[in-house]
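S.K.: Below is one structure. I have some questions about it.
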Amino acid sequence: MSHDWMSLLRQIGRDHRSGASMLLGQAIEAARLFLVETRGLSRARLTAPLRRFTLGLTQGQPSLAPFLTLANAMWQGLEKHPAAPTAWDDLHDALVEYVDGIDHGLQATVREAARLVRPRSIVLTYSNSTAVRMTLQRALASGRRFEVICSESRPMNEGLALARKLARSGIPVHLVVDAAMVDWVGRADLVLLGADAVLPGSVVNKVGTYALLEAAARSHVPAYVLADGSKWLPDRLLPFWRAREEAPREITAARDPNLHVHNYYFEPAPLRLVTGLIWDGGLAAPDQVTKRIARLKVSLDLVRFLR
C-alpha cells in the first residue's frame, strides 16, 4: 500500500515556516490522498489506516488546532452510521463538509475584519496570519489607505515575510524587532492578530502575544483575533494539544553544556484581553466564544483512540 499521504504528513511535521492556513491546506490534501488510497475498504479494514492517518496528522504539528478539528470531523464521519458495513462515503462527505467550512470561514472572517480597518488607521499585527494579510489587502482594494506595524517574528522571521508581502501590495509598513512591539502598541489604533488555536478562555498565538494584548488593554487600543471555527478546541480535545518545543539551532548553533536553549513558538493568552474574536459567524465577545466552544461536538472514538 502506498503511503504518499504519510510522506506528506511527515513533510508537514518538518515545516517550521508556513502559517496555519497553508499547513492546513496541505493536511487536507493528505486527507484527500488518504481517501483515494482507502476507497472501497470495508469499515473493519478502514479503521486501522484512519488511526495511522490521525496519529501522523495530530503528532506532526501538535500546536495547530485545525489538525485536531480535521481529525475530529473525519472520526465523526466514521461514527455517522455505525451499523453500516462501509464508512468511506461518510468519511468523504465529512472531509468535503469540513473543507467547504474552511473556505467559507476564511472568506467570512476576512470580510468582517476588513470593516474594522479605517482610512488613515495604523494597524499593528504580529507574526504572519493569512487571515490578517487577506484582511489588509481587502481593505486596501476597497480604496482605504492606512499603515501597518509588523514584527520580525524570530526565530523564523515569518513576520518579515508578511511585511514584504504587504509592502509589495502598496501598504506602508513599519517593521520592528519583536522586543519593541509593546512600545509600538500605543502608536496603533487597531490590533489584528491571527491564532493557531482558540481554547476555552484563551487564544494561542506567537510567543509575545500575551504582552501585546496587555499593552493594548492599557493603551485602550481595540484588539481583535481572527480565527474561524476550525481553530476552536473544546475541552475534550485539549489533552491532545500542546505547545511543542522547537529545535535549539533555530536560535543559535552554539553548544555548551551550561547553555540551555528553549525555543517555543506559541503561548496562550487570556481571551478576556481580546476586544472580540472575528470568525465565520461574525464578531463574538470573549464570553460568547467560550460558550460556543462548549457546544462543539467531539468524536468519543477519537478521544478514546488518542488517549
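The values are calculated or read from the model by the stated rules, or taken from the named source; none is laboratory data. Here the structure is a predicted model, which means the values were calculated and not measured. For neighbour counting, all protein chains shown are included, and Cβ atoms are generated from backbone atoms with ideal geometry for every residue, glycine included. Protein only, heavy atoms only, side chains kept; ligands, DNA and RNA dropped before computing areas. Shrake-Rupley method; radii C 1.70, N 1.55, O 1.52, S 1.80 Å.
S.K.: Can you list the residues of region 87-117 with backbone N under 18 Å from a point 7 Å past the Cα of Asp4, pointing along Cα to Cβ?
M.R.: Only 92 pass the distance filter.
S.K.: Can you give the charge dipole size of region 113-245 about its Cα centre, rounded to the nearest 20 debye, using +1 on the beta carbon of Lys and Arg and -1 on the beta carbon of Asp and Glu? It would help to have the intermediate numbers written out before the result.
M.R.: Details: 18 positive and 11 negative charges, 104 e Å.
Once rounded to the nearest 20, the dipole reads 500 debye.
S.K.: In degrees, nearest 10, range 0 to 90: what is the angle between the Cα axis of helix 209-219 and the longest Cα principal axis of the chain?
M.R.: 40 degrees
S.K.: Give me the one-decimal nm value for the distance between modelled label points at Thr252 and Asp235, 7 Å along each residue's Cα-to-Cβ direction.
M.R.: 4.3 nm
S.K.: Evaluate region 1-49: find the radius of gyration of its Cα atoms, find its Kirkwood radius, and give the ratio Rg to Rh. It would help to have the intermediate numbers written out before the result.
M.R.: On the way: Rg = 12.3 Å, Rh = 11.7 Å.
Here Rg/Rh amounts to 1.06.
S.K.: Continuing with the same structure: Which of the listed residues, Val203, Val225, Ile293, is farthest toward the dipole's positive end in the chain, when Lys, Arg count +1 and Asp, Glu count -1 at the beta-carbon?
M.R.: So the residue furthest toward the plus end is Val225.
S.K.: Further question: In a Gaussian network model over the chain where Cα atoms closer than 10 Å are linked, find which of Leu41, Leu78, Leu213 has the largest mean-square fluctuation.
M.R.: Maximum fluctuation in the GNM of the chain, among the listed residues, is at Leu41.
S.K.: May I pose another question? Once the whole set of protein chains is in place, how much accessible area is left on Lys291, using a 1.4 Å probe, in Å² to the nearest 10?
M.R.: Spelled out: Lys291, probe radius 1.4 Å, area about 120 Å².
S.K.: A further question on this structure: Connecting C-alpha atoms closer than 10 Å in a GNM of the chain, tell me which of Ala217, Ala141, Ala113 has the biggest fluctuation.
M.R.: Ala141
S.K.: Let me ask something additional. How much of Asp4 can a 1.4 Å solvent probe reach, expressed as accessible area in Å² and rounded to 10?
M.R.: Number for this one is 90 Å².
S.K.: What are the trypsin sites (Lys or Arg not before Pro) within region 177-223 that DSSP puts in a loop, where the Cβ has at most 14 other Cβ atoms within 10 Å? Spell out each step's value before the answer.
M.R.: Details: sites: Arg187, Lys206, Arg218; in loops: Arg187.
Of the trypsin sites (Lys or Arg not before Pro), the ones in loops of region 177-223 whose Cβ has at most 14 other Cβ atoms within 10 Å are Arg187.
S.K.: Full extension from Arg111 to Glu29: what is 0.36 nm times the residue separation minus their Cα-Cα distance, to one decimal in nm?
M.R.: Details: separation 82, 0.36 × 82 = 29.52 nm, distance 2.57 nm.
Net length gain for the segment: 27.0 nm.
S.K.: At Glu245 and Arg307, where each label point lies 7 Å from the Cα along Cα→Cβ, what is the point-to-point distance in nanometres?
M.R.: Output for this residue pair reads 2.8 nm.
S.K.: Roughly how tilted is helix 43-60, in degrees to the nearest 10 and between 0 and 90, from the longest Cα axis of the chain?
M.R.: Its long axis makes an angle of about 20 degrees.
S.K.: Provide the FRET efficiency to the nearest 0.05 for the Ala48-Asp103 pair, computing r from the beta carbons and using R0 = 45 Å. Don't skip to the end; give the middle numbers.
M.R.: Working: r = 31 Å, r/R0 = 0.68.
Result of the calculation: an efficiency of 0.90.
S.K.: At a 1.4 Å probe, what is the % contribution of carbon and sulfur to the accessible area of the chain?
M.R.: Here carbon and sulfur together make up 51 percent of the probe-accessible area.
S.K.: To continue, here is another question. How much space per residue, in cubic angstrom, does the convex hull of the C-alpha atoms of the chain take up?
M.R.: On the way: hull volume 43.7 nm³, N = 307.
Hull volume over Cα atoms, normalised by residue count, gives 142 Å³.
S.K.: Please state the charge dipole magnitude for the chain, taken about the Cα centre, from unit charges on C-beta atoms (+1 on K and R, -1 on D and E), reported in debye and rounded to the nearest 20. Kindly include the intermediate steps, with their values, before the conclusion.
M.R.: On the way: 38 positive and 30 negative charges, 39 e Å.
With Lys and Arg at +1 and Asp and Glu at -1, about 180 debye.
S.K.: Taking the C-alpha atoms of region 190-307, how large are the radius of gyration and the largest Cα-Cα span, Dmax, in Å?
M.R.: Calculated on Cα positions, Rg and Dmax stand at 16.7, 51 Å.
S.K.: Express in Å², to the nearest 10, the accessible area of Glu250 obtained by rolling a 1.4 Å probe over the protein heavy atoms while all chains stay in place.
M.R.: Its heavy atoms expose roughly 40 Å² to the probe.
S.K.: Once the dipole of the chain is set up with Lys and Arg at +1 and Asp and Glu at -1 on Cβ about the Cα centre, which of Asn157, Ala48, Val132 lies farthest towards its positive end?
M.R.: Farthest towards the positive end: Val132.
S.K.: Also, quick follow-up: Between Ala71, Ala139, Ala253, find the one with the highest GNM mean-square fluctuation for the chain; connect C-alpha pairs within less than 10 Å.
M.R.: Sorting by GNM fluctuation, first place goes to Ala253.
S.K.: Compute the acute angle (0 to 90°) between the alpha-carbon long axis of helix 158-169 and the principal axis of greatest extent of the alpha-carbon atoms of the chain; round to the nearest 10°.
M.R.: With rounding to tens, the tilt is 70 degrees.
S.K.: Amide H of Leu190: which non-local residues (sequence gap of 5 or more, or other chain) have their own amide H closer than 5 Å, using H built in the peptide plane?
M.R.: Under 5 Å from the amide H of Leu190 lie the amide H atoms of Ile122, Leu124, each far enough along the sequence or on another chain.
S.K.: Under a point spin-label approximation (7 Å from Cα along Cα-to-Cβ), what is the Lys291-Met22 distance to one decimal in nm?
M.R.: Output for this residue pair reads 3.8 nm.
S.K.: Determine the principal axes of the Cα atoms in region 1-93, then give the extent along each, sorted from largest to smallest and rounded to whole angstroms.
M.R.: 42, 26, 18
S.K.: I want the antiparallel fraction of DSSP beta bridges within the chain, as a percent rounded to 5. Write down the numbers at each step before the final one.
M.R.: Working: 12 of 28 bridges.
About 45 percent, rounded to the nearest 5.
S.K.: Given Cβ point charges of +1 (Lys, Arg) and -1 (Asp, Glu) and nothing else, what value in debye, to the nearest 20, does the dipole of region 176-247 about its Cα centre take?
M.R.: Values: 7 positive and 9 negative charges, 29 e Å.
Charge dipole of region 176-247: 140 debye, to the nearest 20.
S.K.: On a 27 Å Cα-Cα criterion, which of the cross-link pairs Lys165/Lys231; Lys165/Lys291; Lys80/Lys291 come out too long?
M.R.: Details: Lys165/Lys231 24 Å; Lys165/Lys291 36 Å; Lys80/Lys291 25 Å.
Going by Cα-Cα distance, Lys165/Lys291 fall outside the 27 Å limit.
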